[in-house]
1. If I filter the range 64-82 for residues that are surrounded by 15 or more Cβ atoms within 10 Å (Cβ to Cβ), under 30 Å from residue 195 (Cα atoms) and at pLDDT below 90, do I get at least one hit?
2. Answer with yes or no whether residue 234 is more than 24 Å from residue 117 (Cβ to Cβ), in contact with a strand residue (DSSP E or B) (Cβ under 7 Å, 6 or more places away or on another chain), surrounded by fewer than 19 Cβ atoms within 10 Å (Cβ to Cβ) and not assigned by TED's automatic domain parsing to the domain that holds residue 61.
3. Just for the range 154-178: of the residues that are modelled with pLDDT of 95 or more and in contact with a helix residue (DSSP H, G or I) (Cβ under 8 Å, 6 or more places away or on another chain), which one is surrounded by the most Cβ atoms within 10 Å (Cβ to Cβ)?
4. Can we say residue 85 is in a loop (DSSP other than H, G, I, E, B), in contact (Cβ under 8 Å) with a residue 60 or more places away in the chain and not assigned by TED's automatic domain parsing to the domain that holds residue 231?
5. Taking the residues in the range 25-60 that are under 17 Å from the mean Cα position of the chain (by Cα) and buried (at least 23 other Cβ atoms within 10 Å of the Cβ) as candidates, determine which candidate is farthest from residue 107 (Cα to Cα).
6. Could you check, for the range 185-192, whether at least one of its residues is within 21 Å of residue 226 (Cβ to Cβ), in a loop (DSSP other than H, G, I, E, B) and over 17 Å from the mean Cα position of the chain (by Cα)?
7. Right, residue 124: part of a strand (DSSP E or B) and surrounded by fewer than 15 Cβ atoms within 10 Å (Cβ to Cβ) or not?
8. Restricting to the range 174-191, name every residue that is over 21 Å from residue 107 (Cα atoms) and in contact with a strand residue (DSSP E or B) (Cβ under 6 Å, 6 or more places away or on another chain).
């Protein structure tokens with residue numbers, strides 16, 4: 001059986017040539033000031049002409065930039081000018097081209113969400129961090145979970161559940177007491193949110209090639225939304241989640257503080 005490549009492949013590359021940079025920024029004053037300053041120093045090329053894209057802001061902007069330029073093949077390097085910066089590098093204006101030329105690059109394969117709403121309309125979205133299902137009313141959701149077309153949980157009564165990539169394992173998944181995954185792990189985390197029945201079910205670790213199907217039981221009375229990163233679909237009746245086989249992006253980190261080190265640091269945080 002042929003399996004797709006792991007969703008996150010970390011590799012230390014040989015130095016790349018970086019001449020033209022494109023800068024994007026969030027709307028905060030701090031990020032906009034950085035955009036102005038860096039553009040004066042290095043110029044600001046159109047994204048289609050740039051050798052690399054530099055995102056100035058927080059993790060939200062980084063996710064947005066990755067989604068926007070996922071299919072371009074251009075590497076994206078984030079510098080923290082926001083409130084959260086797990087996906088970002090330290091902000092420094094000096095020697096930026098040299099930093100980029102020697103940065104470690106990670107290839108990202110996102111999750112693909114296919115959802116059907118209660119009207120029968122089909123939806124698709126990509127998720128770099130996670131796909132999450134959440135109850136929309138005061139009543140708990142009732143979910144039936146299958147993995148690779150085999151029912152594994154007939155009924156999960158809960159506030160929702162998360163399917164997270166290794167990068168997303170330190171975000172919402174971690175807040176829901178899910179496991180932190182090494183960035184090179186060929187795994188996905190399936191994590192319940194406030195499980196009521198079975199009360200002691202803590203989730204599962206799945207191979208990254210697994211297909212997860214979730215049927216929302218009694219979905220008209222107990223509506224559930226599905227979100228792939230920032231894309232939300234309301235009142236879904238069923239969803240299918242799996243790694244995308246034809247979409248990938250590239251993210252860059254300073255070689256002295258790469259993604260693997262960030263994950264390990266998070267694992268030993270107390």
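The values are calculated or read from the model by the stated rules, or taken from the named source; none is laboratory data. Keep in mind that what you see is a predicted model, and the values were worked out from it rather than measured. Using ideal geometry, Cβ is built from the backbone for each residue, glycine included, and neighbour counts are taken over all protein chains shown.
1. No; the residues of the range 64-82 include none that is surrounded by 15 or more Cβ atoms within 10 Å (Cβ to Cβ), under 30 Å from residue 195 (Cα atoms) and at pLDDT below 90.
2. Details: more than 24 Å from residue 117 (Cβ to Cβ): no; in contact with a strand residue (DSSP E or B) (Cβ under 7 Å, 6 or more places away or on another chain): yes; surrounded by fewer than 19 Cβ atoms within 10 Å (Cβ to Cβ): yes; not assigned by TED's automatic domain parsing to the domain that holds residue 61: yes.
It is false that residue 234 is more than 24 Å from residue 117 (Cβ to Cβ), in contact with a strand residue (DSSP E or B) (Cβ under 7 Å, 6 or more places away or on another chain), surrounded by fewer than 19 Cβ atoms within 10 Å (Cβ to Cβ) and not assigned by TED's automatic domain parsing to the domain that holds residue 61.
3. Per the stated criteria, the residue is 164.
4. no
5. 57
6. no
7. On the way: part of a strand (DSSP E or B): yes; surrounded by fewer than 15 Cβ atoms within 10 Å (Cβ to Cβ): yes.
In short, yes.
8. Residues satisfying the conditions are 176, 178, 179, 190, 191.
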